[in-house]
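Data first, discussion second: the structure below is written as structure tokens.
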Amino acid sequence: MPVPRSDTPPIPLPTAAARQYLESLADEVHRTYFAKYPPLPVRWGQQISRKRRRSIRLGSYNHHTTEIRIHPILSTSTVPAIFIQSVIHHEYLHHVLGPHHNRRFHQHERTFRYHREAQEWIRRNLFLLLGRKKSELKRVPTPPVFPQATQVALF
Ligand SMILES: [Zn+2]
């Protein structure tokens, strides 16, 4: 898996391209792992605070609306598609298995084909996501290039 470049500027808010990209990633997760359930709406969350963070919630599942939200900080070209897909997969599991991160939940989490790679990526890069300054978030000289979802196709 590619090593993300820490000097690539992130984008502050999801663009139409980012929305489409997220939909394509979500479609693939749905088709590959949750085809027997109806697809859930998967959207970028809103960027509210840009302060330095101690922790960050990268995804959430609302069991009233059945909507999955992905933190917009992941909408940068430095975040590998499989990492975003691992978050989508995790939130789909909340839809299927309920709110608890119990043993059964963790067993199902490991069925995501790139679970280990995704864990490894966040272990190495979480500090980058947490440490962004406002000035860094606003410095966006060019639109980001999103990798094609097919480059990291799930089987
Ligand atoms: Zn969870």
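The numbers here are math on the coordinates, done by the rules we state, and not lab data. Because the structure is predicted, anything quoted here is derived from the model rather than measured. Ideal geometry is used to build each Cβ from the backbone, glycine not excepted, and the neighbour counts take in all protein chains shown.
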Sort 58-64, 97-103 by packing, meaning the average of other beta carbons within 10 Å per residue, with the highest value first.
58-64, 97-103
Can you work out ³J(HN,Hα) from phi for every residue in the stretch 54-66, in order, using Karplus 6.51 cos²θ - 1.76 cosθ + 1.60 and θ = phi - 60°, giving whole Hz and x for Gly and Pro?
8, 8, 8, 9, 7, x, 8, 10, 9, 6, 7, 9, 6
Put a dot 7 Å past each Cα toward the Cβ at Asp27 and His63; how far apart are the dots in nm?
3.0 nm
